[in-house]
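Asks: Here it is, the structure in full.
The values are calculated or read from the model by the stated rules, or taken from the named source; none is laboratory data. This is a predicted model, so every value here is computed, not measured. Glycine also receives a Cβ, built like all others from the backbone with ideal geometry; neighbour counts cover every protein chain displayed.
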Amino acid sequence: MRVVVVNWRDLGHRHAGGAETYATRVAHELARRGHDVTYLTARDTGQRATGSDGPVSVHRRGGRWTVYPLALLWLLVRRRRIDAVVDCQNGIPFFTPLAVGGARVVQVVHHVHTDQFGVHFPAWLAAVGRWLEGPVAGRVYRRAVSVAVSPSTVEAMRARLRWRGPVYVVPNGNSAAPAELPARAANPTIVCLGRLVPQKRVDRLVDAVAELRNRVPDLRLHVIGGGPEEAALRALAAVHGDAVTVHGRVSEAVKSELLGRAWLNVTLSDGEGWGLAVLEAAAHGVPTVCRDVPGLRDSVRHGETGWHMPSGTPVADVLHRALADLADPVHAARTATRCRDWAACFDWTDTGARFTAVVERHVAGEERGDWLPGMPEATVAEGVPGGPLLVEQCAPADLLDALRARAQADVAVRAASTTERLLGRAVPAGANLRPRSRS
C-alpha cells in the first residue's frame, strides 16, 4: 500500500511528545511490513522541507497552524497515488477525508481534548476547537475507521464526541529497561517523567512535595523532561532548596539511572491518551500515582502497578501513603515485579502489527459496520478451537451466528475486559499477565 501518516509534528520537532513517538513507530512498522510510507508533518526551525527517516520519506509543510491547510493541499495534489492515510488527531483534526478522494482514512485519537481547549485558548477559540473536534469531525470522518490508544479514550469519544463509527484499540508500545539498573535510593525518591506543559500540573506536584517534607524530611523529587513550563518549574524548584531537581531533557542513560533509583513516579495530568511515561517507569519496576482520569486509569492498574487518586484528594496525603507502603522492602519488591510484568506486555512491534492489520482491513473493505449504542467494543468467544478469540467492533450476536455457522455450536460470547482490549487477546480468568508470544 501507499500510505501517508499525517501528524502535527515529527520526533525532530522541539515540542515532540508521545503522539510523535506513536506516529513514528507506526510509520516504521508499516514500512517494515513492505508498505510505501510517507510522513507528512509541520516544519520546525532548522528542519528541512523533505528528507527521510530510515525507510520512511518525510515531508514538512507549514508551522503550528499553517500545517493544516498545507497538508490538505499536499494530499489533494497526490490523492490518486495514495491508498491509505493515517490521520493523527491532536485536538484539531486534519480533516484529510476532504482531500484524498477514494483513499481510505484511519484516524488516530490519543485523547479527547474537550476540557483542554479551555486551558490553552480564550473561551471563543476553545468553543471553536470543541466544535471542530466534535460535530464537524464526526461528519467529516463518518466513513473512516478510528484507532484509540486506550479503552477510556474510546469511552470519551462515545460519550463526549458522540462518535458512532468503529473504533479499535491499539495502545502504545514500550521499550525494555536496561538489564543493569542501580539500586533503589535509600531515601524516598519521586520522579515525574514527561513533557512539561500546563495540563500535566507538575507545579502542583512540586507544591505537594514541599508540603510533604514536613512529614518526610529526606524526600526528593526529580522532574525529567522538557517543555514550555521548564523555566517556571526551575524557578519554583529553587524556592525549595534541594528537595526538587528539574533536570530537563536528559540522555536515555541518565533517565534510566534516575528511574532505577526512584521509589515512585507521579503524574497529575488532566488526562492522557495512554501514559507512555507510566509504562516506561513500570519497565524500571517503578509504580505510578496518577489522577483517576482517562488513559491513566488504563495504563496504571490500581493497587497493582500504582494507585489512582480520586478527584479532590490532597496530593500530599496520597503520596505519603504510597511512600509508606513502598518503605516495606517486601511490598516494594512485589510491586516492582508486577510493574515489570505489566510493562512487558506492550512493545512497539505488537503495536505496529495491530495497527497495520486495521489499515489493511480498512483498505480491503472489511469493516464490520458502525458501532451501536450498548454494543460491547470488543467481544470474546470462548469454546472455539485454539482457545478464546477476541474480536473488536462486532455485535456479539453476529459473532455467535458466524461461529455457529462453522459448526462451532458450543461457543459462548462475552464482553472483553479492559485488559483484554489493551492486550488485543483474551485472558482466561485468573491467568497471570505475560507478554504475547512472538513465535
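Asks: I'd like to check something: does the stretch 369-379 contain any residue that is within 25 Å of the chain's Cα centre (by Cα), in a strand (DSSP E or B) and either at pLDDT 90 or above or buried (at least 17 other Cβ atoms within 10 Å of the Cβ) (or both)?
Replies: Within the stretch 369-379, one or more residues are within 25 Å of the chain's Cα centre (by Cα), in a strand (DSSP E or B) and either at pLDDT 90 or above or buried (at least 17 other Cβ atoms within 10 Å of the Cβ) (or both).
Asks: Can you find a residue in the stretch 94-112 that is closer than 23 Å to GLU229 by Cβ, modelled with pLDDT under 85 and not small (Gly, Ala, Ser)? Talk me through it step by step, then tell me what you get.
Replies: Narrowing the stretch 94-112 to residues closer than 23 Å to GLU229 by Cβ: 110-112.
After this cut, where a residue has to be modelled with pLDDT under 85 as well, the list is none.
Looking through the stretch 94-112, none of the residues is closer than 23 Å to GLU229 by Cβ, modelled with pLDDT under 85 and not small (Gly, Ala, Ser).
Asks: Consider PRO69 carefully, then state whether it is in contact with a helix residue (DSSP H, G or I) (Cβ under 9 Å, 6 or more places away or on another chain) and either polar (S, T, N, Q) or in the same structural domain as ALA42 (by TED's automatic domain parsing) (or both).
Replies: no
Asks: Does ASP44 fit the bill of being touching a His at 6+ places or on another chain (Cβ under 7 Å) and more than 18 Å from VAL363 (Cβ to Cβ)? Before the answer, list the steps.
Replies: Details: touching a His at 6+ places or on another chain (Cβ under 7 Å): yes; more than 18 Å from VAL363 (Cβ to Cβ): yes.
The answer is yes for ASP44.
Asks: Could you tell me how many of the residues in the stretch 310-334 are touching a strand residue (DSSP E or B) at 6+ places or on another chain (Cβ under 8 Å) and modelled with pLDDT under 95?
Replies: Final tally of qualifying residues: 1.
Asks: Do you know which of the residues in the stretch 149-173 that are touching a strand residue (DSSP E or B) at 6+ places or on another chain (Cβ under 8 Å) and assigned to a loop (DSSP other than H, G, I, E, B) is surrounded by the fewest Cβ atoms within 10 Å (Cβ to Cβ)?
Replies: The extreme case among them is GLY165.
Asks: Condition first: more than 27 Å from THR24 (Cβ to Cβ) and not assigned by TED's automatic domain parsing to the domain that holds GLY34. Can you find one or more residues in the stretch 339-350 that meet it?
Replies: no
Asks: Separate question: With the condition being more than 29 Å from GLY271 (Cβ to Cβ), I'd like the strands (runs of 3 or more DSSP E) fully within the stretch 56-121 carrying at least 2 qualifying residues.
Replies: 56-60
Asks: Filter the stretch 137-148 down to the residues that are surrounded by 15 or more Cβ atoms within 10 Å (Cβ to Cβ) and assigned to a helix (DSSP H, G or I) and list them by number.
Replies: Once the filter is applied, which keeps residues that are surrounded by 15 or more Cβ atoms within 10 Å (Cβ to Cβ) and assigned to a helix (DSSP H, G or I), the stretch 137-148 yields ALA137, GLY138, VAL140.
Asks: Has the stretch 128-139 got at least one residue that is of a type in the set (D, E, K, R), farther than 30 Å from ALA416 by Cα and modelled with pLDDT under 95? Steps first, answer last, please.
Replies: Looking only at the stretch 128-139, we keep the residues that are of a type in the set (D, E, K, R), and these are 130, 133, 139.
Still in the list and also farther than 30 Å from ALA416 by Cα: 130.
Imposing the further condition that a residue be modelled with pLDDT under 95 reduces the set to 130.
So far as the stretch 128-139 goes, yes, one or more of its residues are of a type in the set (D, E, K, R), farther than 30 Å from ALA416 by Cα and modelled with pLDDT under 95.
Asks: If I ask for residues that are closer than 23 Å to VAL167 by Cα and assigned to a helix (DSSP H, G or I), which ones from the stretch 404-429 would you list?
Replies: If the condition is that a residue be closer than 23 Å to VAL167 by Cα and assigned to a helix (DSSP H, G or I), then THR418, THR419, GLU420, ARG421, LEU422, LEU423 are the ones that fit.
Asks: Of the residues that sit in the stretch 269-287 and are among the hydrophobic types (A, V, I, L, M, F, W, C) and not in a loop (DSSP other than H, G, I, E, B), which one is modelled with the lowest pLDDT?
Replies: Here the answer is LEU276.
Asks: I want to confirm something. Restricting to the stretch 214-228 and keeping residues that are under 18 Å from GLY194 (Cα atoms) and at pLDDT below 95, which single residue is surrounded by the fewest Cβ atoms within 10 Å (Cβ to Cβ)?
Replies: Within the stretch 214-228, the match that is surrounded by the fewest Cβ atoms within 10 Å (Cβ to Cβ) is PRO228.
Asks: Looking at the stretch 397-416 only, could you name the residues that are in contact (Cβ under 8 Å) with a residue 12 or more places away in the chain and among the basic types (Lys, Arg)?
Replies: The one that is in contact (Cβ under 8 Å) with a residue 12 or more places away in the chain and among the basic types (Lys, Arg): ARG414.
Asks: Looking at the stretch 243-260 only, could you name the residues that are over 16 Å from ARG195 (Cβ atoms) and in contact with a Lys or Arg (Cβ under 6 Å, 6 or more places away or on another chain)?
Replies: Of everything in the stretch 243-260, just one residue is over 16 Å from ARG195 (Cβ atoms) and in contact with a Lys or Arg (Cβ under 6 Å, 6 or more places away or on another chain), namely ALA243.
Asks: Tell me which residues, restricted to the stretch 333-348, are under 14 Å from ALA281 (Cβ atoms), in a helix (DSSP H, G or I) and among the aliphatic types (A, V, I, L, M).
Replies: ALA336, ALA343
Asks: Among the strands (runs of 3 or more DSSP E) confined wholly to the stretch 174-261, which include 2 or more residues that are under 21 Å from TRP274 (Cα atoms)?
Replies: 189-193, 220-224
Asks: Every residue in the stretch 253-305 that is free of Cβ contacts under 8 Å to residues at least 12 places away in the same chain and under 15 Å from LEU205 (Cα atoms), please.
Replies: none
Asks: Among (1) small (Gly, Ala, Ser); (2) more than 26 Å from the chain's Cα centre (by Cα); (3) over 24 Å from TYR168 (Cβ atoms), which single condition is GLY129 missing?
Replies: Here GLY129 clears every test but (2).
Asks: Tell me yes or no: at least one residue of the stretch 54-61 is among the hydroxyl-bearing types (Ser, Thr, Tyr), over 25 Å from LEU279 (Cα atoms) and in contact (Cβ under 8 Å) with a residue 40 or more places away in the chain. Give the steps one after another, and end with the answer.
Replies: So in the stretch 54-61, the residues among the hydroxyl-bearing types (Ser, Thr, Tyr) come out as 57.
Those left that are additionally over 25 Å from LEU279 (Cα atoms): 57.
So of that shortlist, the ones also in contact (Cβ under 8 Å) with a residue 40 or more places away in the chain come out as none.
No, because not a single residue in the stretch 54-61 is among the hydroxyl-bearing types (Ser, Thr, Tyr), over 25 Å from LEU279 (Cα atoms) and in contact (Cβ under 8 Å) with a residue 40 or more places away in the chain.
Asks: Could you check, for the stretch 273-290, whether at least one of its residues is surrounded by fewer than 20 Cβ atoms within 10 Å (Cβ to Cβ) and closer than 28 Å to ARG160 by Cβ?
Replies: no
Asks: Among the numbered criteria (1) loosely packed, with under 15 Cβ neighbours inside 10 Å; (2) touching a residue at least 40 places away in the same chain (Cβ under 8 Å); (3) within 27 Å of HIS111 (Cα to Cα), which one does TRP65 miss?
Replies: (2)
Asks: So, one more: Among ARG80, ARG60, ARG33, which is more than 25 Å from PRO171 (Cα to Cα) and surrounded by fewer than 19 Cβ atoms within 10 Å (Cβ to Cβ)?
Replies: Of the residues listed, the single one that is more than 25 Å from PRO171 (Cα to Cα) and surrounded by fewer than 19 Cβ atoms within 10 Å (Cβ to Cβ) is ARG80.
Asks: Okay, next question. For THR50, only one of the following conditions fails: (1) of a type in the set (S, T, N, Q); (2) in contact with a His (Cβ under 9 Å, 6 or more places away or on another chain); (3) closer than 17 Å to VAL105 by Cα. What is its number?
Replies: Failed condition: (3).
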